[in-house]
Amino acid sequence: MSSRPEGPVIAAAGGVVWRASGNGIELAVVHRPRHDDWSLPKGHVDAGEHALQAAVREVGEEAGLDVVVGRRGLTTRYEVDGVPKRVDYWVMRWVGSSSETDDEVDELRWLPPDEAAAACSYEHDRRVIADAARTDVPREVSVLLVRHGKAGSSDRWEGPDEERPLTPAGETQARRLAAVLPLFGPASVAAATPLRCRQTVAPLADRLGLSLAERREFGEPEFGGDPQLALDGVLCGLAEPGVDVVCSQGGTIPTVLQALGVHGHGVRGLFPPAAKGSVWALGGRPGALIADYYRDLAPDPDARA
């Protein structure tokens, strides 16, 4: 049974933006003169946007902050004039400021988490801040593990399987990946050898101005021969600075994730999902790992027209 509410939903998104300060962090909170309140920067998701795109855009427009996206934050739900509203938050690291802001905010303050929570006018913002201030899990991601996009049927393909290309739907998924994944600030893009893997992340590499590297160990035949190589590759990516994007296959990704302690629906023994065109955003290390699953990066169905 679906948990989606019936009728319209106001879709919004925002960011818990942090910067290092001494031995801790400071968070950005903003004052909105129209409401005379203090809150986290956020705003409506526009038609054609994924909520993550809207979150970064709104942080830039309201607070004038340039950011790199990290792990998912909380989602808050409440009503505005009787209409359900959903606000998706991400934890974001501040990397610079922009002078281009709108007139919805007239003041920004950087405060330690407890002071930021006390300054906020709403309890739901305080819950989001408490989650972002956790020290038992990392705030940033290091590896984006991508399943290749939709490809033609293997039963109907007459050539070598490694040369089976993306379908038009898979090409659309590749374009969505290229539009959204740069928000994580990738430093490298790689793919297993099948053409469909390379086609899935080639638009992303082009957009970032990066060369597309080959990672044979993430292909299904090579993985079956020595699974430890792919696992070691992910562990190295988690341990080193920067964000690595790796496009792999459905026979590889769930097994690697299980070895890292990630299970489907949180149930031990169930394989994690890995739909075509999906992304797992990983950070930290086994035992203190974040693993955010993005089933797809299509526009938010509740976005306003």
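The values are calculated or read from the model by the stated rules, or taken from the named source; none is laboratory data. These numbers were taken from a predicted model, which means no experiment stands behind them. Note: ideal-geometry Cβ built from the backbone for every residue, glycine included; neighbour counts use all protein chains shown.
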Among (1) out of contact with any Ser or Thr (no Cβ under 6 Å at 6 or more places or on another chain); (2) in the same structural domain as GLY219 (by TED's automatic domain parsing); (3) small (Gly, Ala, Ser), which single condition is ALA118 missing? (2)
Just checking, how many residues over region 124-146 are surrounded by fewer than 17 Cβ atoms within 10 Å (Cβ to Cβ), modelled with pLDDT of 95 or more and of a type in the set (A, V, I, L, M)? 1
Strands (runs of 3 or more DSSP E) contained in region 207-302 and holding at least 1 residues within 17 Å of the chain's Cα centre (by Cα): 243-248, 279-285, 288-294
Given the residues GLY237, GLY233, which is the only one that is over 22 Å from PRO160 (Cα atoms), in contact with a Ser or Thr (Cβ under 6 Å, 6 or more places away or on another chain), surrounded by 14 or more Cβ atoms within 10 Å (Cβ to Cβ) and assigned by TED's automatic domain parsing to the domain that holds PRO160? GLY237
Where the second residue is acidic (Asp, Glu) and modelled with pLDDT under 90 and the first is assigned by TED's automatic domain parsing to the domain that holds CYS247 and lies in region 151-168, which pairs have Cβ atoms under 8 Å and are six or more apart or on separate chains? SER154/ASP161
Filtering region 85-100 down to residues that are more than 23 Å from ILE290 (Cα to Cα), under 24 Å from the mean Cα position of the chain (by Cα) and not basic (Lys, Arg) yields GLY96, SER97, SER98
Within the set of pairs 6+ apart or on separate chains, which have a first residue in region 1-17 that is modelled with pLDDT of 95 or more, a second that is among the hydroxyl-bearing types (Ser, Thr, Tyr), and C-beta atoms under 6 Å apart? GLY14/TYR89; VAL16/TYR89
Out of LEU65, LEU27, report the one residue that is without any contact (Cβ under 8 Å) to a residue 60 or more places away in the chain, under 29 Å from ARG285 (Cα atoms) and in contact with a helix residue (DSSP H, G or I) (Cβ under 7 Å, 6 or more places away or on another chain). LEU65
Note on region 73-95: residues buried (at least 16 other Cβ atoms within 10 Å of the Cβ), farther than 12 Å from LYS42 by Cβ and of a type in the set (Phe, Trp, Tyr) are TRP94
From GLY209, GLY149, which residue is at pLDDT 95 or above, within 25 Å of VAL69 (Cα to Cα), surrounded by 15 or more Cβ atoms within 10 Å (Cβ to Cβ) and not aromatic (Phe, Trp, Tyr)? GLY149
Cβ-Cβ distance below 9 Å, separation of 6 or more or different chains: which pairs start in region 124-149 with a residue that is free of Cβ contacts under 8 Å to residues at least 12 places away in the same chain and outside the structural domain of GLY277 (by TED's automatic domain parsing) and end on one that is surrounded by fewer than 24 Cβ atoms within 10 Å (Cβ to Cβ) and aliphatic (A, V, I, L, M)? ARG126/ALA117; ARG126/ALA118
Single condition SER154 does not satisfy, out of (1) surrounded by fewer than 17 Cβ atoms within 10 Å (Cβ to Cβ); (2) polar (S, T, N, Q); (3) under 25 Å from HIS44 (Cβ atoms): (3)
Please work out if ARG127 is out of contact with any helix residue (DSSP H, G or I) (no Cβ under 7 Å at 6 or more places or on another chain), among the basic types (Lys, Arg) and not in a helix (DSSP H, G or I). no
Of the residues GLY269, GLY264, GLY224, GLY287, which single one is modelled with pLDDT under 95, farther than 17 Å from LEU144 by Cα, in contact with a Leu (Cβ under 6 Å, 6 or more places away or on another chain) and surrounded by fewer than 17 Cβ atoms within 10 Å (Cβ to Cβ)? GLY264
Limited to region 177-201, what total is found for residues that are assigned to a strand (DSSP E or B) and closer than 16 Å to ALA54 by Cα? 0
Of the residues in region 99-123 that are in contact (Cβ under 8 Å) with a residue 12 or more places away in the chain and among the small types (Gly, Ala, Ser), the one that is surrounded by the most Cβ atoms within 10 Å (Cβ to Cβ) is ALA116
